[in-house]
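Below you'll find the structure, written out as structure tokens, and then a few comments.
The values are calculated or read from the model by the stated rules, or taken from the named source; none is laboratory data. The model shown is predicted, which means the values in this text are computed figures rather than measured ones. Here the Cβ is made from the backbone with ideal geometry for all residues, glycine too, and neighbour counts use every protein chain on show. Only protein heavy atoms, including side chains, enter the accessible area calculation; ligands, DNA and RNA are left aside. Shrake-Rupley method; radii C 1.70, N 1.55, O 1.52, S 1.80 Å.
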Amino acid sequence: MSMLGPWGVFVEGFIEHPVMVGSIIPSSRYTITKMLAPVDWDACKVFVEYGPGVGTFCRPVLDRMRRDGLLIVIDTNPLFIDYLKRTISDNRFSAVHGSAADVEAIVRAHGHDHADYVLSGLPFSTLPDGIGPAIAEATFRVIRPGGAFLVYQFTAAARDFMTPFFNRIDKGFEWRNVLPCFLFWGWKQEPGEG
Ligand SMILES: C[S@@+](CC[C@H](N)C(=O)[O-])C[C@H]1O[C@@H](n2cnc3c(N)ncnc32)[C@H](O)[C@@H]1O
């Protein structure tokens, strides 16, 4: 297994858990650039990513993040977490084997009450019943006012999970991805805003 590159590890993860992984091809650089564009990196100390897979977004996030920042990634697949721990050595990086539903406890365990931004590549529409709403609610609670939930998915289903909590959701679309995907930015507004 340790001989496999990122593509091999991603395909192996997909073959083992196709419903949980939801895609056989990692996100394109176009999706990454567009998704991360609205982030205010100077104001970002804690960035959380759900479902990093083989880390397609991790290096681009670390490249943009301040020197005292923290990137916490959470994935249910131990194969991916093991791969990320072996291949990314950056003292701002922490890979956690667990569920996005437990984000609040995971952020607290890293010494923080809130995250500035949360990014999700989760296949919301195929997650087991009840998990999508629970993740959206926990995510809203963990994000600080002024922060955002960044979501990309092949269907627009993710927005249905975000709508009960985020009253401002910006929308985008990226064709240059296999498959083309929807992008959403759910903003947690400051008190008195909106
Ligand atoms: C489509 S892949 C995302 C791949 C990668 N982020 C990319 O852009 O190429 C979805 C990932 O979500 C993970 N996943 C599924 N359910 C999860 C959950 N409840 N919490 C955290 N990760 C989960 C899967 O193991 C998989 O790594």
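In table form, for the structure just shown:
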quantity: Residue that is farthest from the ligand (Cβ to nearest atom), among those in segment 87-96 that are of a type in the set (G, A, S) and touching a residue at least 24 places away in the same chain (Cβ under 8 Å); calculated: S94
quantity: Every residue from segment 31-57 that is among the acidic types (D, E) and more than 21 Å from V96 (Cβ to Cβ); calculated: D40, D42
quantity: Leading residue by the ranking (farthest from the ligand (Cβ to nearest atom)) among those in segment 97-110 that are in contact (Cβ under 8 Å) with a residue 12 or more places away in the chain and surrounded by fewer than 19 Cβ atoms within 10 Å (Cβ to Cβ); calculated: H110
quantity: Within segment 31-53, considering residues that are of a type in the set (V, I, T), over 27 Å from I15 (Cα atoms) and outside any loop (DSSP other than H, G, I, E, B), the one farthest from the ligand (Cβ to nearest atom); calculated: V46
quantity: So L84, is it under 27 Å from G5 (Cα atoms) and within 9 Å of the ligand (Cβ to nearest atom); calculated: no
quantity: Of residues in segment 113-131 being farther than 17 Å from F161 by Cβ and open to solvent by 60 Å² or more (accessible area, probe 1.4 Å), the one nearest to the ligand (Cβ to nearest atom); calculated: H114
quantity: Segment 55-92, residues that are farther than 18 Å from L122 by Cβ and open to solvent by 40 Å² or more (accessible area, probe 1.4 Å); calculated: R59, D63, R64, R66, R67, D68, D82, K85, R86, T87, S89, N91
quantity: Residue among G22, G13, G5 that alone is over 16 Å from the mean Cα position of the chain (by Cα), closer than 23 Å to A157 by Cβ, at pLDDT below 95 and not aliphatic (A, V, I, L, M); calculated: G13
quantity: Qualifying position, being in a helix (DSSP H, G or I) and not β-branched (V, I, T), among A158, A148; calculated: A158
quantity: Yes/no for T155 being free of Cβ contacts under 8 Å to residues at least 12 places away in the same chain and among the β-branched types (V, I, T); calculated: no
quantity: Residue within segment 187-194 that is within 16 Å of V46 (Cβ to Cβ) and either without any contact (Cβ under 8 Å) to a residue 60 or more places away in the chain or away from the ligand (no atom under 16 Å from the Cβ) (or both) present; calculated: yes
quantity: Among residues of segment 132-157, those that are more than 24 Å from D42 (Cβ to Cβ) and either buried (at least 16 other Cβ atoms within 10 Å of the Cβ) or of a type in the set (G, A, S) (or both), counted; calculated: 10
quantity: Residue satisfying condition, being farther than 23 Å from Y30 by Cα and hydrophobic (A, V, I, L, M, F, W, C), within set L127, L150; calculated: L127
